């Protein structure tokens, strides 16, 4: 289950980067707001899946509240998901 969570985390992190560095510039520089709508919806779904998986794993792996909080926060900061992935890989 940890490997599936790590895959979801990486895909969610990539979707955040696409949203921030591709979709938003297309919206504000080139006037294409529909790109943010599509990418934002995909990212939102991936984020919800990420939160659900992290909650289940937090209970299964007996993560501390602090570590679980850091995992969730890492999904909101660009590139932090990839750093957290290394920490999760060390737990396997």
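Nothing in this text is a laboratory measurement; each read-out follows from the coordinates by a stated rule. This structure is a prediction, so every number in the text was calculated from the model and none was measured. Using ideal geometry, Cβ is built from the backbone for each residue, glycine included, and neighbour counts are taken over all protein chains shown.
Tell me the mean residue ellipticity at 222 nm calculated for the chain from its helices only (DSSP H runs of n ≥ 4, each -39500 (n - 2.57), averaged over every residue, nearest 500).
Result for the chain: -26500 deg cm²/dmol, rounded to the nearest 500.
Within the chain, the ratio Rg/Rh, alpha carbon atoms throughout and Rh by Kirkwood, equals 1.05.
What's the extension gain from residue 49 to residue 68 if we count 0.36 nm per residue and subtract their Cα-Cα distance?
Values: separation 19, 0.36 × 19 = 6.84 nm, distance 1.49 nm.
Separation in residues times 0.36 nm, less the Cα-Cα distance, equals 5.3 nm.
For the peptides 2-11, 62-71, the ranking by packing is 2-11, 62-71, with the highest mean count of neighbouring Cβ atoms within 10 Å listed first. Multiplying the residue separation of residue 61 and residue 28 by 0.36 nm and removing their Cα-Cα distance gives an extension gain of 7.7 nm.
Extension gain, residue 17 to residue 38: 0.36 nm times the residue separation minus the Cα-Cα distance gives 6.2 nm.
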